[in-house]
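Only one structure is covered here, and it is reproduced in the block below.
The values are calculated or read from the model by the stated rules, or taken from the named source; none is laboratory data. Worth saying up front: this structure is predicted, and the values here are computed from it rather than measured. Here the Cβ is made from the backbone with ideal geometry for all residues, glycine too, and neighbour counts use every protein chain on show. For the accessible areas, the whole protein counts, side chains as well, though only heavy atoms, and no ligand, DNA or RNA atoms are used. Shrake-Rupley method; radii C 1.70, N 1.55, O 1.52, S 1.80 Å.
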Amino acid sequence: MHLVIIGNGITGVTAALTARQLDPAARITLVSAESAHHYSRTALMYLYMGHLRYQDTKPYGDWFWAENRLELVHAEATGLDPAARQVQLSTGQRLAYDQLLLATGSVTRFFNWPGQQLRGVQGLYGLPDLEKMTRDTQGIRRAVVVGGGLIGIELAEMLHARGIHVTLLVRESRYWELVLPPEEAALVERQISLHHVELRLHTEMREVLGDADGRVRAVVTTAGEELPCQWVGIATGVAPNLALAKAAGLATDRGILVDEHLRTSVPGVYAAGDCAQHREPGPGQVPVEQLWYTGRMQGETVAHTICGQPTPYRRGLWFNSAKFFNLEYQTYGRVPAEPEEGTSTFCWQPPGGGQLLRLNFRAAEGHAVTGLNALGLRQRHAVWERWLQQRVPVQQVLRELGQANFDPEFFRRHEPAIRRAFARQFPDLAVDAVPAASTAGR
Ligand SMILES: Cc1cc2nc3c(=O)[nH]c(=O)nc-3n(C[C@H](O)[C@H](O)[C@H](O)COP(=O)(O)OP(=O)(O)OC[C@H]3O[C@@H](n4cnc5c(N)ncnc54)[C@H](O)[C@@H]3O)c2cc1C
């Protein structure tokens, strides 16, 4: 069996490593245009800030691939002939496959702004973007970042680290409004202003203005204001990279359409990771998942099916983590930006600010805890996974909250204050009234 994988990101590489374990005799080829070897995309910002060197972002040494008989092709796949089971490469070579996995990731989304082609206007997705950003932000004084999500705040932090003044334009009324409840967003906004980044809410970019050399000189906002700047970061989201799939006539929508086994509309061709769209997402799952750990899970799952062990993709518990400047963020389970019918929410913040803990729970299900947000407080993944999967009552979670605390021991412990605040907000749910039996069997 010759398995060809397009894309050496976390999805493609996990699929290759899993397939190697499951089928020691298989021939496996990884094709990637971006880099000769797999690197950690999430570390891009640390390269720019000088915290890491490129070689530090590679989880495997360059010798690893030959040692595991994984063939690497550093080229772009420019065409796909499903009938002949061949991939066309930019080198002119044709690569025959028995099974093909498309793990082509995402691309930055642009919205046809006038002037977006000017030099100094770009997104941040891969190494070529980082090179451009490094070149074009050399010695500049002012930048504008468009978009209030995770990549937007990363760009702001990167530029700030080099002493560049940043204005962050956010269309919504608060930072990451579609994801964060108001209290969480306010805490992040505080971080943003503490780092002297100018946050403009309710503001969009209308156009980019250039100078005589074709370089950006200003951004015009929808309010008509002209913001002088020498660089513009586009962080208005990413979209699945469909170029190859579309050219080959595979069924696509927002992403490459796949069934629960990550099979596309064409026999022998699979898609996984950021580029895939699930036709029928499981309960609580979204059709397009654009995260590191979901890429890894999908890569592992699809390799089983490809190697003759059909395995449906089941994501399991939702979680995510990020860092907003110095503020760490973790989320587990369901914590939507707006309250949900039938779900109660408890939000604790200390008087001086800087931390937040939110618990969601459902009265109709024995007050089972359904979600957690933590900002500035480190929580243990394994403990939360267990509590959410076992639908543990919120009173018990509060009583045992210390078990989930992952902050170093000299950090101030907040559990007593959190329990007192809970008792004030939900006097009927006495934390001590949890029946002892509910802790049994764990
Ligand atoms: C700046 C940044 C920070 C991020 N931080 C986080 C984070 O903190 N946590 C988190 O969970 N997620 C984060 N993400 C998202 C996460 O990195 C992605 O979800 C993940 O990398 C997707 O993996 P993938 O393997 O599916 O695709 P990718 O990593 O995009 O890999 C796809 C590869 O395929 C290559 N390719 C595409 N088409 C072709 C072709 N035709 N021929 C050859 N090669 C091709 C691409 O060049 C690319 O190298 C971040 C993303 C970015 C951009």
- Note on the structure: Of the residues in region 297-318, those that are in contact with a helix residue (DSSP H, G or I) (Cβ under 7 Å, 6 or more places away or on another chain), more than 16 Å from Arg20 (Cβ to Cβ) and not aliphatic (A, V, I, L, M) come to Gln298, Thr311, Tyr313, Arg315
- Item | Every residue from region 228-252 that is over 25 Å from Tyr97 (Cα atoms), away from the ligand (no atom under 15 Å from the Cβ) and open to solvent by 20 Å² or more (accessible area, probe 1.4 Å) | Pro228, Gln230
- Query: Does any residue of region 384-396 turn out to be in a strand (DSSP E or B) and aliphatic (A, V, I, L, M)?
  - Reply: no
- Breaking point among (1) touching a residue at least 24 places away in the same chain (Cβ under 8 Å); (2) closer than 17 Å to Gly284 by Cβ; (3) not acidic (Asp, Glu), for Leu377: (2)
- Taking His2 and the conditions (1) within 14 Å of the ligand (Cβ to nearest atom); (2) surrounded by 14 or more Cβ atoms within 10 Å (Cβ to Cβ); (3) on the phi < 0 side of the Ramachandran plot, which numbered condition does it fall short on, given that it satisfies the others? (1)
- Hits in region 329-346 - residues which are surrounded by fewer than 18 Cβ atoms within 10 Å (Cβ to Cβ) and not basic (Lys, Arg): Pro336, Ala337, Glu338, Pro339, Glu340, Glu341, Gly342, Thr343, Ser344
- Task: Pick out the one residue from Thr29, Thr18 that is more than 17 Å from Arg296 (Cα to Cα), in the same structural domain as Trp63 (by TED's automatic domain parsing) and surrounded by fewer than 24 Cβ atoms within 10 Å (Cβ to Cβ).
- Result: Thr29
- Which one of these is within 20 Å of Glu300 (Cβ to Cβ) and touching a residue at least 24 places away in the same chain (Cβ under 8 Å): Leu102, Leu95? Leu102
- For region 31-53, how many residues are in a helix (DSSP H, G or I) and touching a residue at least 40 places away in the same chain (Cβ under 8 Å)? 6
- Qualifying residues in region 273-302 (those that are part of a loop (DSSP other than H, G, I, E, B) and within 7 Å of the ligand (Cβ to nearest atom)) - the one farthest from the chain's Cα centre (by Cα): Gln290
- Task: Please report, ordered by residue number, the strands (runs of 3 or more DSSP E) entirely within region 74-165 with at least 2 residues that are more than 9 Å from the ligand (Cβ to nearest atom) and open to solvent by 40 Å² or more (accessible area, probe 1.4 Å).
- Result: 86-89, 94-96
- Determine whether region 44-63 contains at least one residue that is within 30 Å of Arg135 (Cα to Cα), open to solvent by 50 Å² or more (accessible area, probe 1.4 Å), touching a strand residue (DSSP E or B) at 6+ places or on another chain (Cβ under 7 Å) and more than 9 Å from the ligand (Cβ to nearest atom). no
- Query: Going by the structure shown, is Leu17 closer than 20 Å to Cys275 by Cβ and either among the hydrophobic types (A, V, I, L, M, F, W, C) or within 16 Å of the ligand (Cβ to nearest atom) (or both)?
  - Reply: yes
- Query: Can you find even one residue in region 291-300 that is closer than 14 Å to Leu80 by Cα and not aliphatic (A, V, I, L, M)?
  - Reply: no
- Is there any pair linking a residue in region 301-324 that is touching a residue at least 40 places away in the same chain (Cβ under 8 Å) and over 29 Å from Leu377 (Cα atoms) to one that is surrounded by 14 or more Cβ atoms within 10 Å (Cβ to Cβ) and among the charged types (D, E, K, R), with Cβ under 6 Å and at least six apart or on different chains, and which? Cys307/Asp23; Pro312/Glu260; Tyr313/Glu260
- Query: What number of residues within region 305-347 are under 20 Å from Ala185 (Cα atoms), among the basic types (Lys, Arg) and assigned to a loop (DSSP other than H, G, I, E, B)?
  - Reply: 1
